[in-house]
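Accompanying notes for the structure given below.
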Amino acid sequence: LQLVERNDDEKERLANELRHLIGTVPRLQIFIDEVQRAASGDIKLRAVVNNWCHTGQISAVLGFSGTPYHDAPRTVLHIGTSVELRSTTIANTVYYYPLATAIAEFLKKPRLEVAAGLHALEIVRTGVRRFLRDYGARVYANGTCAKLAIYCGTIARLEEEVFPLLVGELGIESDRILKFHQGNKTHSVSRDAAAEFALLDDPASRKQIVLLVQIGKEGWDCRSLTGVILSQEGDCPRNMVLQTSCRCLRQMDGGTDETALILLNEANAKVLDKQLGEEQNTSIKELNAIRAPSELSPLPQISRMEHLKLPPVTFYQLRIEYLTTQTAAAPDTPGALATIDPNSAGFKSDASLTTRYLNDRHAADNASFGLVREVSRITEQAGDLAGFSAWINEIVRESMGDVTFSALHPYFPHLQGLFNRITFTEHGLRRYNTLFDQSAIRSAIRMAFHVHRELHSSEEVIQQDAALLLINRLREIPDHPLLWPDKERCREYLSADANPQAGSPAVEVIEQKKCELRKTANDLGNPELAELWIRQLLEANARRADSLATKDRTLHYLPYDFRQSGFERKFIEAVLVLEDIKSAGLDVYYNGDRYLTEFKIDCYAKSGRTWRRVGFYTPDFLVIRRNASRDIRQVLILETKGRGYADQPGFIARRNFMQNDFIRLNNDKFDYKRFDFLMLFEDDGIPRNIENLASSINAFFMED
């Protein structure tokens, strides 16, 4: 018999003794994985952490997430009564670590393959064979074998199509396959499946292929997982293709040479590419270009600025300065604070509980809901835990530096009274009363300290000289197939720079080689071969001569690094052989490495009569016409973008500034068409982009 009723704290302790004990640990630090699941105060985990915070025992709370954003924008800050700041990113995200950087530095290097034109079962067949070929014998340092996850969408497909394919046609032993799902009336799941799933990283596990249905899409930490197959739509939810396909990227041995296989059908690949663009600012192509360090060797970047005598680009930059002007005397803070009445309209909502009863006369009249017996006004509604210091801190934070602690301190007694009126005590804990508009009240307090100001902006146009290469920033970069030119061609170009006369073989050297080829063909008893060999010799010599001639119209440093975009590498190769480029004597330079170039344009967007800054724009390529004294006469700015990147609002704002403001401003200042801008889309392909470029060259350079 319980004679003494337990209080809420005792009930809490009895319900979860472990949680209570953790909360008493001094200087406790909490690390929360998948923190997006605890982003709001109504989540149980967040409530527990808030409760611990109230005890004062916690010294730090750190959250981690691969998806630190909300499904829809949420209000994070009210400014006054009519302006609010909204964000899709969780408000307390302080550090962003891109997926591409993680892959380059410590995750497995993925080989993302797209199966085009294959039906789902054929994709599974192909993927399993490739996995077994490349990783079937792979054993990690702790003795675990490499594993492949095949997401099956439905239990019926797993049991009736995929599993029979593996054990039948492909001859894989059934004890090497783990089937894990929730079971249904037709197909049950082994009682040991959950335990085997949890022990996949244990050396004792013999499972090599894991068949899954609606399991393992996120939060599954299996480091020996080395491959993933998504063969059809529905294998995982569309909004989780990125998380699911990247399950296999966790390192096992801790080196930087581990790789993984990801095989997708076309539909899932399109979704993945879209999600990579929106959430990680990268793409399948760019992730595939990341190589393990063991495959690469360092290659120094070398300046050719002196050889090319390439001057800075002179241009006019718009500068906007923002000035605030105080238009009223200092505020009457005591008077303004005194007028804040939390119970007035706009600060508090009315709530009531109405009790009614039904009699025979009203029983059939559902619209009336019966007679009113009693109306009780509700004055308190429990919200998050509240603390005066935290409340003051929130007022300061939301002011963005306009209201300081020292400014608030003289008014603490009055503010404490306000705080007490908008909070209440429940079971010994202070909580916010959610019937009050807490955000509006904090805003009113900030306004009591506000001096009325007006924002003025001044426009200034200044001339700038921007070097296309910051030579002191050149560094060693890993050798890679997407560097241009390759190591041998770099060596050849530098040699030709140092000794221009040795660029092409002399006529007598060519004739001597022809004689040698004819003699060799005669000795072999096949004189006809000589003409073939000579033709090949002349073609190779012509290509080398063209290449050496081209080098002095591009490559202000060696080599250009196109590891983030194979399209850009193909593009510049196609541009330099364009007849319009050669006949006009134009130079083509890559400017897309923002770390190495000084030519960046500060961009603004105009709204009504005011400007707002939208960031720096770094052009990808510059097509330059130089005059007789080798000064820069005209510049065609080229931007190459994939469709997903081109549709991003930030880039659209910068593009609009370049097309509508920068070009007009500079051409007016120079009093001739000095700059033009051309947008090229990767999806259009090289031939169409080259055609568009040729049209722009003829319209821009030939007109001057």
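The values are calculated or read from the model by the stated rules, or taken from the named source; none is laboratory data. Treat the numbers as computed from the prediction; the structure is a model and nothing was measured. All Cβ positions, even for glycine, are placed from backbone atoms using ideal geometry, and neighbour counts span all protein chains on display. These accessible areas exclude ligands, DNA and RNA; they are computed on the full protein's heavy atoms, side chains included. Shrake-Rupley method; radii C 1.70, N 1.55, O 1.52, S 1.80 Å.
I'd like the full set of residues that are surrounded by fewer than 17 Cβ atoms within 10 Å (Cβ to Cβ) and at pLDDT 85 or above, limited to region 448-469.
Glu460, Val461, Ile462, Gln463, Gln464, Asp465, Ala466, Ala467
Identify, by number, the condition in (1) over 33 Å from the mean Cα position of the chain (by Cα); (2) among the polar types (S, T, N, Q); (3) open to solvent by 30 Å² or more (accessible area, probe 1.4 Å) that Gln214 doesn't meet.
Here Gln214 clears every test but (1).
Picking from Lys179, Lys147, which residue would you name as being open to solvent by 50 Å² or more (accessible area, probe 1.4 Å) and in contact with a Phe, Trp or Tyr (Cβ under 9 Å, 6 or more places away or on another chain)?
Lys179
Can you work out which of the residues in region 217-246 that are in a loop (DSSP other than H, G, I, E, B) and among the polar types (S, T, N, Q) is surrounded by the fewest Cβ atoms within 10 Å (Cβ to Cβ)?
Restricting to residues being in a loop (DSSP other than H, G, I, E, B) and among the polar types (S, T, N, Q), the top hit is Gln232.
Which condition number in (1) touching a Ser or Thr at 6+ places or on another chain (Cβ under 9 Å); (2) within 28 Å of Leu576 (Cα to Cα); (3) modelled with pLDDT under 85 is the one that His480 fails?
Failing condition for His480: (1).
From the list Asp192, Asp201, which one is in contact with a Cys (Cβ under 7 Å, 6 or more places away or on another chain), more than 21 Å from Thr126 (Cβ to Cβ) and surrounded by fewer than 18 Cβ atoms within 10 Å (Cβ to Cβ)?
After applying the criteria, what remains is Asp201.
So which residues in region 90-115 are at pLDDT below 85 and either loosely packed, with under 14 Cβ neighbours inside 10 Å or part of a loop (DSSP other than H, G, I, E, B) (or both)?
Ile90, Ala91, Asn92, Thr93, Val94, Tyr95, Tyr96, Tyr97, Pro98, Glu105
To keep it simple, each residue is scored yes or no on (1) at pLDDT below 90; (2) assigned to a helix (DSSP H, G or I); (3) closer than 25 Å to Arg633 by Cβ.
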position: Asp552; (1), (2), (3): yes, yes, yes
position: Leu555; (1), (2), (3): no, no, yes
position: Gln564; (1), (2), (3): yes, no, no
position: Arg569; (1), (2), (3): yes, yes, no
position: Ala574; (1), (2), (3): no, yes, yes
position: Ser583; (1), (2), (3): yes, yes, yes
position: Val588; (1), (2), (3): no, no, yes
position: Asp593; (1), (2), (3): no, no, yes
position: Glu598; (1), (2), (3): no, no, yes
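In this structure, does Arg421 turn out to be within 15 Å of Pro342 (Cα to Cα), of a type in the set (D, E, K, R) and open to solvent by 60 Å² or more (accessible area, probe 1.4 Å)?
Against the criterion (within 15 Å of Pro342 (Cα to Cα), of a type in the set (D, E, K, R) and open to solvent by 60 Å² or more (accessible area, probe 1.4 Å)), Arg421 qualifies.
Considering region 653-673 alone, what residues qualify as being charged (D, E, K, R) and either within 27 Å of Gly642 (Cα to Cα) or in a helix (DSSP H, G or I) (or both)?
Arg654, Arg655, Asp661, Arg664, Asp668, Lys669 - these are the residues of region 653-673 that are charged (D, E, K, R) and either within 27 Å of Gly642 (Cα to Cα) or in a helix (DSSP H, G or I) (or both).
Test each condition in (1) open to solvent by less than 60 Å² (accessible area, probe 1.4 Å); (2) under 18 Å from Asn268 (Cα atoms) for Phe163 and report the one that comes out false.
Tallying (1) open to solvent by less than 60 Å² (accessible area, probe 1.4 Å); (2) under 18 Å from Asn268 (Cα atoms), Phe163 fails exactly one: (2).
Note down all Cβ pairs under 8 Å where the first residue falls in region 248-270 and is open to solvent by 40 Å² or more (accessible area, probe 1.4 Å), the second is of a type in the set (Phe, Trp, Tyr) and not in a helix (DSSP H, G or I), and they're at least six residues apart or on different chains.
Asp253/Tyr140; Thr256/Phe106
Out of all the residues in region 605-643, which are open to solvent by less than 60 Å² (accessible area, probe 1.4 Å) and either aromatic (Phe, Trp, Tyr) or assigned to a helix (DSSP H, G or I) (or both)?
Within region 605-643, Trp611, Tyr617, Phe621 meet the criteria.
How about region 116-131: which of its residues are among the hydrophobic types (A, V, I, L, M, F, W, C) and surrounded by fewer than 18 Cβ atoms within 10 Å (Cβ to Cβ)?
Ala116, Leu118, Leu121 - these are the residues of region 116-131 that are among the hydrophobic types (A, V, I, L, M, F, W, C) and surrounded by fewer than 18 Cβ atoms within 10 Å (Cβ to Cβ).
Condition first: open to solvent by less than 30 Å² (accessible area, probe 1.4 Å) and over 16 Å from Ala699 (Cα atoms). Now tell me which residues in region 572-586 satisfy that.
Matches in region 572-586: Ile572, Ala574, Val575, Leu576.
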